[in-house]
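These notes are about the structure you will find just below.
The values are calculated or read from the model by the stated rules, or taken from the named source; none is laboratory data. Quick caveat: nothing in here was measured; it's all calculated off a predicted structure. Reconstructed Cβ throughout: ideal geometry from the backbone, glycine too, with neighbour counts over all protein chains shown. Heavy atoms of the whole protein, side chains included, go into the accessibility calculation; ligands, DNA and RNA do not. Shrake-Rupley method; radii C 1.70, N 1.55, O 1.52, S 1.80 Å.
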Amino acid sequence: MTITQVRAACPLDCPDTCALLVTVEDGVATAVKGDPDHPTTAGALCTKVSRYAERTYHEDRLLYPLKRVGKKGEGKFERISWDEALDTIAARLKPIAARAPEAILPYSYCGTMGLIQGESMSSRFFNQIGASLLDRTICAMAGATGYKYTIGGSVGTDMEQFQHSKLLIIWGGNPIASNLHFWMRAQEAKRNGAKLIAIDPYRSLTAEKCHQHIALLPGTDAALALGLMHVLIKEDLLDHEYIASYTLGFEQLKERAAEWTPERTAATCGISVDEVVDLARLYGGMAKAGEPVAIRTNYGVQRVRGGGMAVRNIACLPALVGAWRHPAGGVQLSSSGSFPTNKLKLQRTDLLKKLPRTINMSTIGDDLLRPASPEFGPAIEAVIVYNSNPLAVAPDSDKVMRGFLREDLFTVVLEHFQTDTADYADIVLPATTQLEHLDAHTSYGHLYMMANNPAIAPMGEAKANTEIFRLLAARMGFDDPCFKESDDALAAIAFNAQDARAVGFDWDALKRKGWQRLNMPAAPFAHGGFLTPSGKCEFYSARMKEDGLDPLPAYLPPYESVASNPELAARYPLAMISPPARNFLNSTFVNVKSLRASEGEPHLDIHPHDCASRGIADGDMVRIFNDRGSFIAKARVTDKARAGLVVGLSVWWKKLAKDGKNANEVTSQQLTDMGRAPTFYDTLVQVERVAA
Ligand SMILES: Nc1nc2c(c(=O)[nH]1)N[C@H]1C(S)=C(S)[C@@H](COP(=O)(O)OP(=O)(O)OC[C@H]3O[C@@H](n4cnc5c(=O)[nH]c(N)nc54)[C@H](O)[C@@H]3O)O[C@H]1N2
Ligand SMILES: Nc1nc2c(c(=O)[nH]1)N[C@H]1C(S)=C(S)[C@@H](COP(=O)(O)OP(=O)(O)OC[C@H]3O[C@@H](n4cnc5c(=O)[nH]c(N)nc54)[C@H](O)[C@@H]3O)O[C@H]1N2
Ligand SMILES: [Mo]
């Protein structure tokens, strides 16, 4: 027997991007472990990725190309050859490409975060066609945009420093579930005497383990940040020197913050005046005493109408108190902007003959149903889905489903499994998993370039995304040499070796080592150097003004809340959020039995007050509904959800739920204030008991 260890990287959409060691025995992957030498992975993996081999060898893996023989959505398919699949696709796409290339739409997101199996050969293919561009907004665009206006780019506190923080504010994130290796460092900080505070409408697994939990109303974080600024300024808990040297617009900010008294803030956020004042005093007071104070903010705050502004306001706080001076101070939203990637070369944007229209992935429901018009352009006639499961993850799911049901729509899905989306495909193509293909990775939590070596041969007739698009390009008659480049050749240009941060990047060396740290200072903004046009932390943003936004930190109430929309709340009085479940990764892993068993079945956490009037008891089946749709879940009566809030951990595969539906039946296609992102956590619903 030959046993080898292969260096790999976790492909999942999670900030941790772990370094993996895959044990291969006679060509079979028998174990997936965390690399003990990689500083952030530190030998530990989440339960999901420990089961990655189980997922790869799952009995339901798609192993052959399939064509649909039943109705759309029915899930009846028949095996075909690769030749038949590729010929069919090319025959359908060619006439559309010749007549109205923008009627072709790629739909992809982060099933893999890989630079190679994500958007490289695929983008080249769609650029050559001149297909519609996809605005990939579904996750992080609101917050990234708000952060960019303020800080200049997705750069923040180095994850490897958080264990030295003395105050850690975990703001709109549930790291025990979704950022485990940050949480390990937060635990270390706690053992070193740090105070941990969670700001979250829900007592998540993480909030439960913090010293303090501030349970504000969803979508009110921007107001809380303004209230904190008010107290910091009023009580002079400021770093005047830092403000004078490295920030822009303090005088205007001061005026704006003056409007946000603790009383107004507390009323807006549904918390106490003391919670506002005490948090500001602790944060500003510790910073003034020279202690490192850090904020780990995450995407939970930005899935609401004012989500961009919420992140922007939070990102202003460290500069006010000079927290950036310390490596273990500041704020982290994402580290993705630290990586000098070569996306233009990977994606060959220059292949575009003219700039096509852009379709927002978050409004795919409406857009698939839109007829041709001068404003919209041609109706969408063909969708190629890869690395995504829109039927489960996109908002306003009934419309998404009706879109994909269109008889005249040609749909191709590249997948590992027969997902909810694959059920609507005309052609399904089997894709390889991370154990079977090569890739290069960045991270949005840490600062390491990562390599993923294939550990095993492709299962069945599965092919890597890149190979599928190479074959399709050949069938379409594309002869640019870029369609012949190998995955290794692509990976070799993934990072810009001329950039000081990636200096010395060499793909062969990275493949051998598995990971390499970027050259980044431990405290990125200790001496200013913000990535904004002014080089300062912009309390006042001229770019926001140009973009038609309030140039100062502001508060935009949710579209749907009791306070902001009383008419709607009269019918649908409960706010609903649907954050990630610990044992799933969005909709990935829902079909892995052991992980699904840990989650049980779709649940709805609901406060005892909200149950009493509705006659709901723990364990009852309830229907959650609004004008957009409904789904069924089992009620868990608990004060983890504050009164007026219900929580349905997500994202379930619809076809594995009793009613064939999930939380996105009730979420809306309204977009955020900036970044054109979805508002998953800006949803009013009613809940009723259903007969067993
Ligand atoms: N296990 C697991 N890990 C994951 C994922 C997964 O599905 N499962 N998904 C991955 C992906 S794609 C992402 S983007 C990240 C997301 O990870 P996080 O950014 O951590 O985001 P969420 O888990 O969506 O939300 C975190 C918390 O925000 C809270 N929240 C909801 N609304 C609000 C609000 O208005 N204000 C505040 N302050 N808090 C609010 C929720 O209750 C939740 O506890 O995690 C990644 N990691
Ligand atoms: N209600 C609600 N909805 C949400 C969210 C929420 O919090 N609440 N979170 C949102 C967020 S943050 C995000 S990021 C999106 C995530 O949305 P998606 O990016 O669509 O994520 P997944 O649901 O994990 O689906 C990814 C699919 O890609 C497939 N895949 C993985 N690797 C490969 C590969 O190499 N090749 C191919 N062809 N396929 C591959 C997987 O099998 C999986 O089915 O969901 C969003 N939807
Ligand atoms: Mo995400």
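Annotations for the structure displayed:
- Among the conditions (1) within 19 Å of Leu346 (Cβ to Cβ); (2) buried (at least 23 other Cβ atoms within 10 Å of the Cβ), the only one that Leu471 does not satisfy is (2).
- Some residue of region 263-274 being open to solvent by 20 Å² or more (accessible area, probe 1.4 Å) and within 16 Å of ligand 2 (Cβ to nearest atom): no
- The lone exception for Asn453 - which of (1) in the same structural domain as Arg79 (by TED's automatic domain parsing); (2) in contact with a strand residue (DSSP E or B) (Cβ under 7 Å, 6 or more places away or on another chain) it fails: (1)
- Qualifying residue in region 140-161 (condition: more than 16 Å from ligand 3 (Cβ to nearest atom), over 16 Å from Gly337 (Cα atoms), outside any loop (DSSP other than H, G, I, E, B) and of a type in the set (A, V, I, L, M, F, W, C)): no
- Close pairs (7 angstrom Cβ cut-off, 6 or more residues apart or separate chains): more than 15 Å from Asp396 (Cα to Cα) in region 664-678, of a type in the set (Gly, Ala, Ser) and assigned to a loop (DSSP other than H, G, I, E, B) anywhere: Asp673/Gly306
- Matching residues in region 1-42 - criterion: being open to solvent by 40 Å² or more (accessible area, probe 1.4 Å), part of a loop (DSSP other than H, G, I, E, B) and not charged (D, E, K, R): Met1, Thr2, Gly27, Pro36, Pro39, Ala42
- Subset of region 300-321 [open to solvent by less than 10 Å² (accessible area, probe 1.4 Å) and outside any helix (DSSP H, G or I)]: Gln302, Val304, Gly306
- Residues that are open to solvent by 20 Å² or more (accessible area, probe 1.4 Å), within 16 Å of ligand 1 (Cβ to nearest atom) and either over 21 Å from Val276 (Cβ atoms) or in contact with an Asp or Glu (Cβ under 6 Å, 6 or more places away or on another chain) (or both) within region 202-245 comprise Leu205, Glu208, Lys209, listed in sequence order.
- All positions within region 181-227 that are in contact with a Gly (Cβ under 8 Å, 6 or more places away or on another chain), outside any loop (DSSP other than H, G, I, E, B) and not charged (D, E, K, R): His181, Phe182, Ile199, Thr206, Ala222
- Output for region 331-346, where each listed residue is among the hydrophobic types (A, V, I, L, M, F, W, C) and open to solvent by less than 30 Å² (accessible area, probe 1.4 Å): Val331, Leu333, Phe339, Leu346
- So Gly249, is it outside the structural domain of Ile577 (by TED's automatic domain parsing), open to solvent by 10 Å² or more (accessible area, probe 1.4 Å) and either at pLDDT 95 or above or closer than 30 Å to Ile606 by Cα (or both): yes
- Residue check for Glu59: acidic (Asp, Glu), farther than 16 Å from Val413 by Cα and more than 16 Å from ligand 3 (Cβ to nearest atom): yes
- Hey, Ser598 hydroxyl-bearing (Ser, Thr, Tyr), crowded, with 18+ Cβ neighbours inside 10 Å and over 20 Å from Thr268 (Cβ atoms) or not: no
- Residue list for region 358-386, filter: surrounded by 14 or more Cβ atoms within 10 Å (Cβ to Cβ) and farther than 28 Å from Phe417 by Cβ: Arg370, Phe376, Gly377, Pro378, Ala379
- Check on Thr145, under 28 Å from the mean Cα position of the chain (by Cα), open to solvent by 10 Å² or more (accessible area, probe 1.4 Å), among the hydroxyl-bearing types (Ser, Thr, Tyr) and modelled with pLDDT of 95 or more: yes
- Search result, residues across region 48-78 that are in a loop (DSSP other than H, G, I, E, B) and within 16 Å of ligand 2 (Cβ to nearest atom): Arg51, Tyr57, His58, Glu59, Asp60, Arg61, Leu62, Leu63, Tyr64, Pro65, Gly75
- Cβ separations smaller than 7 Å between residues 6+ apart or across chains give the following pairs from region 505-520 residues that are more than 17 Å from Asp439 (Cβ to Cβ) to residues that are of a type in the set (A, V, I, L, M, F, W, C): Arg517/Leu447; Leu518/Phe339; Leu518/Leu447; Leu518/Met449; Leu518/Ala502; Asn519/Ala500; Asn519/Val503; Met520/Leu447.
- The single condition from (1) assigned by TED's automatic domain parsing to the domain that holds Leu196; (2) under 24 Å from the mean Cα position of the chain (by Cα) that Gln347 fails is (1).
- The condition of being away from ligand 1 (no atom under 14 Å from the Cβ), modelled with pLDDT of 95 or more and on the phi > 0 side of the Ramachandran plot holds for only one of Gly193, Gly172, that being Gly193.
- Residue identified as among the polar types (S, T, N, Q), free of Cβ contacts under 8 Å to residues at least 24 places away in the same chain and open to solvent by 10 Å² or more (accessible area, probe 1.4 Å) among Ser81, Ser154, Ser123, Ser178: Ser81
- Within region 327-414, helices (runs of 4 or more DSSP H) holding 1 or more residues that are within 13 Å of ligand 2 (Cβ to nearest atom): 364-368, 390-393, 397-405
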